[in-house]
1. Along the Cα→Cβ direction, 7 angstrom out, place labels at Val17 and Lys111. What is the inter-label distance in nm?
2. State the extension gain, in nm to one decimal, for the chain segment bounded by Ala141 and Ala185, taking 0.36 nm per residue of separation less the distance between their alpha-carbons.
3. Give a residue-ordered list of calculated ³J(HN,Hα) values for the range 155-171 (Karplus: 6.51 cos²θ - 1.76 cosθ + 1.60, θ = phi - 60°; whole Hz; x for Gly, Pro).
4. Amide H neighbours of Leu157 under 5 Å, counting only residues 5+ apart in sequence or on other chains, H built in-plane at 1.01 Å?
5. From the phi angles alone, apply the Karplus equation (6.51, -1.76, 1.60; θ = phi - 60°) to the range 131-136 and give each ³J(HN,Hα) in whole Hz, x where the residue is Gly or Pro.
6. I need the shape label for the range 84-187. Rule: rounded when a/c is under 1.5, else prolate if a/b > b/c, else oblate, with a, b, c from the alpha carbon gyration tensor.
7. Around Val17, with a cut-off of 15 angstrom between Cβ atoms, what is the net charge of the other residues, counting Lys and Arg +1 and Asp and Glu -1?
8. Measuring from centroid to centroid over Cα atoms, what is the spacing of the range 8-52 and the range 58-83 in Å?
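Please treat every number below as a calculation from the coordinates, not as lab data. Note that the structure is predicted; figures quoted are calculated from it, not measured. Cβ: placed from backbone, ideal geometry, glycine included. Neighbour counts: every protein chain shown.
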Amino acid sequence: MVLTHGAGGNCRAPLLVAAAEAFRAAGLTVLRCDLPFRWRRPSGPPSPAGAAADRAGLKDAVAALRGVVPGQVFLGGQSYGGRQATMLAAEQPDLVSALLLFSYPLHPPGKPERLRTEHFPRLHVPALFVQGTADPFGSIAELRAATPLIPAPTRILLIEGAGHDLRRGRFDLSAAVSAFFEIAARH
């Protein structure tokens, strides 16, 4: 599994470290990687102009992992990283076998009219959305309305009371691991 970070973080984000440990304990090889925008500068948000380069970096990470392990490769990310993962999977449907999306940013906070779902109808791999019930980037009702746009199996795992940071990974990640393997098996 390749895991990447959100707009304000890097591959050492506590949520990614905790998720990587949980998935490694379940038998997966996990590669946490920084997106190219983070290589260029140690802090600050990505530029929309660099999104294609960030997806190319994810594609390279998937290729690197394929060079090390046989079998299926999964792709996951937190917030911006998850959005780039979904966009890459929509562009290249055979690249990965399933998606793990922590705090998918459905829209900018306070701007529900600016949905980031235009590529959902082109997603043909199973996806697990791990979402806090207090996430300002998209309510659970909004996420439930958006996931039917995806023509592959999806599941939403709610983290009660959590915001966009998902408590920095301090929740029952074993439930996320189990839910992910269940959804990935439907590919």
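1. 3.2
2. Taking 0.36 nm per residue and subtracting the Cα distance, the gain is 13.3 nm.
3. Ordered by residue, 3J(HN,Hα) equals 8, 10, 10, 7, 10, 4, x, 7, x, 5, 7, 6, 6, 6, x, 8, 8 Hz.
4. Close amide H contacts, sequence-distant or interchain: Phe129, Val130, Gln131.
5. Listing the rounded values in order: 10, x, 6, 10, 7, x Hz.
6. Note, shape of the range 84-187 comes out oblate.
7. That works out to +3.
8. 11
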